[in-house]
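K.L.:
Here it is: the structure, laid out below.
The values are calculated or read from the model by the stated rules, or taken from the named source; none is laboratory data. Quantities reported herein were computed from a predicted structural model and do not represent experimental measurements. Using ideal geometry, Cβ is built from the backbone for each residue, glycine included, and neighbour counts are taken over all protein chains shown. All accessible areas refer to the heavy atoms of the entire protein, side chains included, with ligands and DNA or RNA removed. Shrake-Rupley method; radii C 1.70, N 1.55, O 1.52, S 1.80 Å.
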Amino acid sequence: MPAEFATLLADLDRAIASGVEDRTTSTVETVTGRLPRSFADFAEAHAASFVGD
């Protein structure tokens with residue numbers, strides 16, 4: 001991978017980790033009619049789906 005591209009990806013990761021993409025929209029509620037919830041809440045509610053036989 002070219003060094004310039006690796007630098008771009010690393011910079012993007014740092015920006016995301018610092019919160020640059022930390023935003024919300026009303027899309028979930030508009031599309032589903034339900035309030036959005038955190039991934040942790042979703043995972044807890046559907047934990048049985050993540051367990052294999």
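K.L.:
Those residues that are among the acidic types (Asp, Glu) and in a helix (DSSP H, G or I), I need them from the range 33-53; list them, please. Step through it out loud before you land on a result.
P.N.:
Residues of the range 33-53 among the acidic types (Asp, Glu): 41, 44, 53.
The answer is 41, 44.
K.L.:
Here is a follow-up. If you scan the range 38-53, which residues turn out to be surrounded by 10 or more Cβ atoms within 10 Å (Cβ to Cβ) and either in contact (Cβ under 8 Å) with a residue 12 or more places away in the chain or among the hydrophobic types (A, V, I, L, M, F, W, C) (or both)? Let's see the steps before the verdict.
P.N.:
Applying the first criterion (surrounded by 10 or more Cβ atoms within 10 Å (Cβ to Cβ)) to the range 38-53 yields 41-45.
Result: 42, 43, 45.
K.L.:
Right, here's the next one. Kindly indicate which of 8, 35 is more than 13 Å from the chain's Cα centre (by Cα) and surrounded by 10 or more Cβ atoms within 10 Å (Cβ to Cβ).
P.N.:
Details: 35 fails: surrounded by 10 or more Cβ atoms within 10 Å (Cβ to Cβ).
Checking each option against the conditions leaves just 8.
K.L.:
Would you point out the residue of the range 11-32, among those that are of a type in the set (Gly, Ala, Ser) and part of a loop (DSSP other than H, G, I, E, B), that is most open to solvent (accessible area, probe 1.4 Å)? Write out each step before concluding.
P.N.:
So the first thing to find is which residues in the range 11-32 are of a type in the set (Gly, Ala, Ser), and the list is 15, 17-19, 26.
Adding the requirement that they be part of a loop (DSSP other than H, G, I, E, B) leaves 18-19, 26.
Values: 18: 97, 19: 31, 26: 76 Å².
Across the range 11-32, the extreme among qualifying residues is 18.
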